[in-house]
Every structure is written in structure tokens, then in C-alpha cells.
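The next block holds one structure in the form of C-alpha cells; read it before the comments.
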Amino acid sequence: MRVAAVYKWARGVDGATVHADGTVQWRVTKMVAGEDDHAVLAVAQALAGDSDGSVVGLTIGDGDASWALARGVTETVSVADAPSLTDEAATAEILAAAVTSLGGVDVVAVGDAEEHPGVAVALAGKLGWGVVAGVTRAAVTGGRVAAVRRVGDVEETVSAATPVVLGVAAEAAEPKAPGMKELLAARKRPVTTTTLADLGLDPVDPVDQRGTRVPEVTAARLFDGEPADAARALVAALRNEGVLR
Amino acid sequence: MTAPTWVLATDTALLTTCVELARGAGGPVTVVAAGPRELADAAAAAGPDRVLWAEPEADRPAESLAPTIAAAAADAGVRVLVSTVAPAARALLGAAATAVSASVVAGAVALSVDGDALVVERSALDGAVLETLATAGALALVARGDEVAAPDGAPAPVEPLAAGPVADLRVVSRTPVGGASGVRDAERVVSIGRGVRAKADLELIGTLTSALDAEIACSMPIADDLGWVPKERYIGRSGQHIAPRLYLAVGIAGMPQHMEGVRDAKVVAAINNDPAAPIFRTADYGVVGDLYEVVPALVEALRE
Ligand SMILES: Cc1cc2nc3c(=O)[nH]c(=O)nc-3n(C[C@H](O)[C@H](O)[C@H](O)COP(=O)(O)OP(=O)(O)OC[C@H]3O[C@@H](n4cnc5c(N)ncnc54)[C@H](O)[C@@H]3O)c2cc1C
Ligand SMILES: Nc1ncnc2c1ncn2[C@@H]1O[C@H](COP(=O)(O)O)[C@@H](O)[C@H]1O
């Protein structure tokens, strides 16, 4: 199977400061791969390994192709001039065009991100393929993809015909990040760059941002000072809530 | 006439919340229930104008119906689609959004109409900010929010959705995991994180769980990396999702991946020696202090 592993490269959420007036300011922070993307790659590599297939890395916009190259992917494509869009369907449209132009892709593995839970499913919609979301691991059996996910207290295995999109969710941080040697070697490997024009795209974002505000959250009632006093105050508050025995 | 709004449901979670969000579009609201008859009945009671019911074939997941539902949404001229974040419901949303050329926005908490525009408020940056977005086009929303009670009144009529094309997906196995741990249904849970320094300190924590008649749980590293507590007791995105009346976090930072597991807890309290710990932003009550002093004090206070 030919598996496209989609990954992103963006500022991490902790680089944003929300001011009291609700405006958001981004500090200059290093870019990070999507939280799920190491699991995306693991799933893609497992499927390729099971089927004597191959993995092609795919990223858009700021994506740093060496991220995938340092993790054993030899072929990677970047849509370098793709803008950052609010509409996840518009992002999916760019990814779909890129997948189509790769040709012969049987499976797309893409992060099922908490912040962007619409990208994987909209991508499947744009491609007209089936999708299994919330996947944590996958294998090839009988020419089909067996995708595993947890639904409540049940581990469910869904068998999907190809072509199919898998929305992959990481269960933990990346176990072992590549070292300096791999990173330096990766920077020397070739990257195929395409443009929106090559893909025949001229993306518009139909969604405008009108503003941001701070949610009215009630911060925790904090008890500090002497542990004995704080503990008594907490117990009183919890009794008052009716949550103690 | 205002364009119709469809809520796409594959389970009962947040059904009424989604219908209320959908009401913001001002048009008639239909719940498309992809699942067993009980789901259609629950949908009918959640306050929509009608329910369209489609039952997947045996051994097929709900998302196998995505092509049928997408085609029907296009036929009906749907302008607004709503689903929860549940993977199956989102799969339906992605297909239908494409069929009606809708933009996709996640984290939606409120919807309204302003002239020709649909205006959505959504939670972003791990809940740190609410963002107002507007579009003149069609909109597919992944909803976020808390469970609300179903409205009073007669249930909406349930009509079958005509059969159509299906995606080639099959459920090949369903295995129960980690259900037996006791932490799932506990009324009170004491949960420990890396603020606890040694496995031997579980004895101290044990005095607190006894005093509270609580079950023990933990953050992921305590179970996964350290193995101090069985794996089926860690809480969070990748672990258990629980809804106790009291969740007392001891030495837990409160990272978003952890807090996802206790979104439905009634009261969250935390003990942490760092006043800036993220957990104090989501907890209801907190004690700022060293857990090695606060836990014994708490046990004492509970005896009083
Ligand atoms: C994809 C992904 C999925 C994940 N899923 C989960 C998940 O499901 N569940 C989960 O729990 N985590 C999950 N994580 C990990 C999560 O991001 C955090 O790393 C983890 O929850 C941190 O655990 P902690 O709070 O115990 O440890 P730490 O972050 O080390 O926090 C320890 C806290 O204890 C406090 N402390 C230290 N000493 C004391 C003292 N003496 N008294 C009082 N307080 C003290 C510190 O101030 C600190 O706030 C996931 C991560 C990723 C990337
Ligand atoms: N799975 C994904 N693959 C590629 N790009 C994505 C993915 N998810 C989101 N994006 C885009 O990545 C950019 C950065 O997003 P953010 O994390 O909000 O800074 C935005 O343009 C998103 O639409």
C-alpha cells in the first residue's frame, strides 16, 4: 500500500498569550509538529510494513519536511505556499488536491487533532473516501485496513476497504525523538515542493474572524496559608457542595 | 424560508446541547440519527422538529452511512450541520459538509444569525479564548459544551431516511477494556500525579482515600512510566473518562490531555504547591501547598 502521512508544523498553543481584553498575542516560539503526528507516522509505517508498501510524507504551509525525513520517510512533498486557514474544510481541500496529485495513494493517515478535529473527516469528504477517526493503531489484513480505536470502554477494530482516510490520535508524547545526527542527515535529503498554482488551487477562506474574548470562567477558589486551616476550609467547602460522604 | 439545520448523531452524548446550538441558525432543526431505534427515540426527545433515522447494517459502523446522509443533506439544501466530536459523528459531518460546500469549524459553543451571515462562537487555544467567526456560506460545526437536560414536551416525529450508498467499513471486533477497575463509577476519586515523589508515599495517599471513601486514580505518567497504579486507573484523553461527584487531584499539573478525562466531574479540587499550576484554572477548589503537609491535614480535618 502507498500511504500518505500528513503532518503539520505550527506554533504550539503554549506560545499564545491571551490578554485581559481577550486579544491573543503570539510569542516568537519554535514551531512544533502536531501532537498526533508521530502517531500518524507510526500508523503509516505499520501499514506500509505490512504490505511491502511505501510512505510518502505530506505537509502544507510552514511544514518542515525534514521532520518526516528524520523519521525514516524517504519521499516527502510540501505545498509550500499554502496559507493558514480558519476553515478546516479549506485546509482539507488543499490536502485533498495534494493527495490526488501524488497519485496511487491507498491510505491517508492524518492527525485527528483536538484543536482541528474537522481536517481528517473533511479531507475524506473532499476525496470521496471512507474515513475512520480516533484511530490509535492499524494493520493490513486481507488487503484491507484494520483500524483500532477506543469507543468508551470498548476497543473497536474497523476493517476498511481502500482508499481510506485514517484520523489518528496519539495516546502519548513521541517515545523517542530523532537525534541531531538524524536531523542533520534529513536536511540533506530531497524535498518535493509544489505550489497552490501547480495544484490548480486558489484558496479562499470563507470564514472571517470578528474578534476574541476571554471566557467567563470562575477560577478555582484557592485556600492557602497554614495547611491545617486550608484543609479545614476545603473540607467545609466540599461538605457545602454535598460531595462528601 | 430559513435553510434547514441538521444535527448528525451517532450516540446520545450532548444531543440536546447540539440541538440547542443548532437552534441558533433560526431554521427547522432535524436530528439525523445513525444507529439503533433507541438512538432515534433519544434524538426525538432532545428538542428537534423531526428525526431522520437510519440504521446501519449489522456489523457496520455508523459512519458507513456517510454517503447516504451526505446525499440527503445536499437534496435538502442544508445550510448548517452540527455534530459532536465523536469520531463516527464527525465522519458523517465531513462527508455532509463536502456535499453542501460547508466550511468546517470546531469547538462551537454558540451560533446566531447576523443579516446573511452565520456567526459562531468557538472555544480555541485549549479553552483560553472564545473566538467569534462569521461566514456568508454554509457551516459545519463540531460542537463543544456540557450536557444539558432534554426539554419537556412531546417527542418529535421519527421518519426513516431512505437507503442509499454506503462506505465499505465493517466492525470486526469489539473488546471491552479497563471497565472493571472500580474507578469508572466511583462517587469520589483521589488522583495522584508526579508531585508524589515515591511509590512508598501511596501509603500516605491511602489514608486520604480511606478518609474520603474514595477510589484511587492517577495521571498518565504515574501508571505508564512509573507503574505505581494500574494502567486502567489513569485519567485523561488516552485513559479513563469519568464523572465522579468529587475529583481530588493531588500533585497533578492539570494538562489539557489529563483534564479531558474529568470534564464531567461535578466538583474538581486540587492540591498543588505551584499557585500557577494549570489545574487551578479549571478546578473549582484548590489548596496551594505541599501535598506532604496538606494531605495529613486534610485527613485530620475530615475526622473532625
Ligand atoms: C498525545 C498525548 C496524550 C496524553 N494523554 C494523557 C492522559 O490521557 N492522561 C494524562 O494524565 N496525561 C496525558 N498526557 C500527558 C500530559 O500531557 C501530562 O504530561 C501529564 O498529565 C502530566 O502528569 P502530572 O500532572 O502527574 O505531572 P507533572 O506535569 O510533572 O506535574 C506535577 C505537578 O505536581 C506539582 N507538585 C510537585 N511537587 C508537589 C508537592 N510536594 N506538593 C504538591 N504539588 C506538587 C507540580 O507543581 C506540578 O504541577 C498526554 C500527552 C500527550 C502528548
Ligand atoms: N492535520 C493537519 N494537517 C495539515 N495542516 C493542518 C492540520 N490541521 C490543521 N492544519 C492547519 O495548520 C495550520 C496551523 O494551525 P494552528 O495549530 O491553529 O496554528 C492551520 O492552517 C490549520 O488549518
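Rule-based calculations on the coordinates, nothing more; no lab input. Keep in mind the model is a prediction, meaning the values are calculated, not measured. Don't worry about glycine lacking a Cβ; one is built from the backbone with ideal geometry, like all the others, and counts go over all protein chains shown.
General observations
- Separation between Cα centres of the stretch A:205-232 and the stretch B:179-238, rounded to whole Å: 25
- Shape analysis of the protein assembly as shown yields a ratio of the Cα radius of gyration to the Kirkwood radius, Rg/Rh, of 0.97.
- Of all DSSP-defined beta bridges confined to the protein assembly as shown, some 35% are antiparallel rather than parallel.
- Cα pair distances of the stretch B:179-303 binned at 5 Å [whole percent]: 2, 12, 25, 28, 22, 10, 1, 0
- Distance between modelled label sites at A:T100 and A:L184, nm, 7 Å Cα→Cβ extension: 4.3
- Normalised contact order of chain B, rounded percent, pairs of Cα under 8 Å and 6 or more residues apart: 14
- Förster radius 51 Å - calculated FRET efficiency between B:L202 and B:D49, Cβ distance, rounded to 0.05: 0.40
- Within the listed set B:V80, B:V148, B:V31, the residue fluctuating most in the Gaussian network model of chain B (springs between alpha-carbon atoms under 10 angstrom) is B:V148.
- Between A:E174 and B:A74, the modelled labels are 3.9 nm apart [label points 7 Å from Cα along Cα→Cβ].
- Candidate lysines - alpha carbon under 24 Å from A:K8, same-chain residues fewer than 8 apart omitted: A:K30, A:K126, A:K176, A:K181, A:K188
- A DSSP coil position with no more than 14 other Cβ atoms inside 10 Å describes the following GluC sites (Glu not before Pro) in the stretch B:113-210: B:E147.
- At most 14 other Cβ within 10 Å, DSSP loop - trypsin sites (Lys or Arg not before Pro), the stretch A:115-169: none
- Label zone at B:D224 (point 7 Å along Cα-to-Cβ), backbone N below 16 Å, the stretch B:234-263: B:234-241, B:253-262
- Put a dot 7 Å past the Cα of A:T141, heading toward its Cβ, do the same for B:D116, and the two dots end up 5.3 nm apart.
- Low-density loop cleavage sites - trypsin sites (Lys or Arg not before Pro) in the stretch B:179-217, where at most 15 other Cβ are within 10 Å (DSSP): B:R194, B:R197
- Computed FRET value (nearest 0.05) for A:D198 with B:A136, which takes r as the C-beta separation and R₀ as 30 Å: 0.55
- Counting Lys and Arg as +1 and Asp and Glu as -1 over every other residue whose Cβ lies under 13 Å from the Cβ of B:V82, the net charge comes to +4.
- Principal axis extents of the Cα atoms in the stretch B:148-245, from largest to smallest and rounded to whole angstrom, are 62, 39, 21.
- Semi-axis lengths, Å, the stretch B:74-190, gyration tensor of Cα atoms, sqrt of 5 times eigenvalues: 29, 24, 17
- The C-alpha atoms of the stretch A:2-194 occupy a region whose extents along the principal axes are 54, 42, 32 Å, arranged from largest to smallest.
- Virtual paramagnetic centre 7 Å along Cα→Cβ of B:R281, amide N under 15 Å, in the stretch A:1-44: A:12-27
- Derived scalar couplings ³J(HN,Hα) [the stretch B:65-79; Karplus, 6.51 cos²θ - 1.76 cosθ + 1.60; whole Hz; x for Gly, Pro]: 7, 3, x, 5, 5, 5, 5, 5, 5, 5, 4, 7, x, 5, 9
- Computed [θ] at 222 nm, deg cm²/dmol, the protein assembly as shown (DSSP H ≥ 4; -39,500 (n - 2.57); rounded to nearest 500): -7500 deg cm²/dmol
- Size descriptors for the stretch B:5-160, from the alpha-carbon set: Rg then Dmax equal 14.4, 45 Å.
- Converting phi to 3J(HN,Hα) with the Karplus coefficients 6.51, -1.76 and 1.60 and the offset θ = phi - 60°, the stretch B:82-87 yields 9, 9, 7, 7, 3, x Hz in sequence order, with x at every glycine or proline.
- Inverting the pair-averaged 1/r between distinct Cα atoms of the stretch A:133-197 gives 15.1 Å as its Kirkwood hydrodynamic radius.
- Net charge of Cβ neighbours under 13 Å - reference A:V135; Lys, Arg +1; Asp, Glu -1: -2
- For the stretch A:114-243, the share of DSSP beta bridges that are antiparallel, to the nearest 5, is 75%.
- With R₀ set to 56 Å, the beta-carbon distance separating B:R303 from A:R27 gives a calculated FRET efficiency near 0.70.
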